[in-house]
Amino acid sequence: MIHAVVKTARVFFGLKCEEFAMMTIPDGYPSDSAGAFAVLGSRSKLGPDDLKVLAMIEAAGEAFYFQVADGVQDPRAKELLRQNGREERGHAYRLVKILRLQTGEEWTVPSAEDNPFLSSAPATLPAVTPEFIALLEQGEADGDRLYQVWADGAPDPEIAKLLRLNGREESRHGERDAEVIRYLTG
Ligand SMILES: [Fe+2]
Ligand SMILES: [Fe+2]
């Protein structure tokens, strides 16, 4: 998912990330998800703050996919998009586990209302087009590629394994997105 999804989400739903709950974003990261993700994309390994930022972006991805699912009629497409959303939440939890393994810190992902990468205002739902889903598919491929880079940079094999799992699931999300496009165009 992540980069293109969240970046597109901001454009798509007109989110204004600067306006709420910036205090949960660690120092040194932009307050918008696309900018924060660009910083993460420049990393070859993830430190504690990187893990927190990425976990919040992943959690925002759940809400985002659920909203996209609400915007399609086909029940098969809807379920695939919701599956992707649920797994984005799982990615956030995996990152919390990695943080614990790496530092011993007990940290929890903020709720949707407190997640700085989500608007607290209810988003309106525009039409979800195949072209839009294709952007998500591309974002998922980018997500997998980055997770493999971060796994390569992780000295702890358990952490590397968890990062690779997230990455593989991003590719699976892309496959589901491609299936959604077939349902929307078929
Ligand atoms: Fe994803
Ligand atoms: Fe993810």
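Any read-out appearing in this document is the output of simple, stated calculations on the displayed coordinates, not a laboratory observation. These figures come from a predicted structure and were not determined experimentally. In this analysis, Cβ positions are derived from the backbone assuming ideal geometry, glycine residues included, and neighbour counts consider all displayed protein chains.
Would you kindly state how much longer the chain becomes between R86 and K161 on full extension, computed as 0.36 nm times their sequence separation minus their alpha carbon distance, in nm to one decimal?
Stretched out fully, the R86 to K161 stretch lengthens by 25.0 nm.
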| message | What does the extension gain come out to for Q138 and D27, with contour length at 0.36 nm per residue minus their alpha carbon separation? | response | 37.1 nm
| field | Debye, to nearest 20: dipole size of region 27-121, +1 on Lys, Arg Cβ, -1 on Asp, Glu Cβ | value | 380
| message | Treating only the Cβ of Lys, Arg, Asp and Glu as charged (+1, +1, -1, -1), what charge dipole size does region 133-186 show about its Cα centre? Round to the nearest 20 debye. | response | 120
| said: Through the Karplus equation 6.51 cos²θ - 1.76 cosθ + 1.60, θ set to phi - 60°, convert the phi angles of region 27-42 into ³J(HN,Hα) values in whole Hz; use x for Gly and Pro. | reply: 4, x, 10, x, 7, 9, 5, 5, x, 5, 5, 5, 4, 4, x, 8
| note | Within region 155-169, the residues whose backbone N lies under 18 Å from a label point placed 7 Å from the Cα of S44 along the Cα-to-Cβ direction are 155-157, 160
| request: Please say if region 46-186 is rounded, prolate or oblate, where rounded means a/c under 1.5 for a ≥ b ≥ c the square roots of the C-alpha gyration tensor eigenvalues, and otherwise the choice is prolate for a/b larger than b/c and oblate otherwise? | output: oblate
| said: Placing unit charges on C-beta atoms (Lys and Arg positive, Asp and Glu negative, everything else neutral), compute the dipole magnitude of region 52-96 about its Cα centre in debye, rounded to 20. | reply: 120
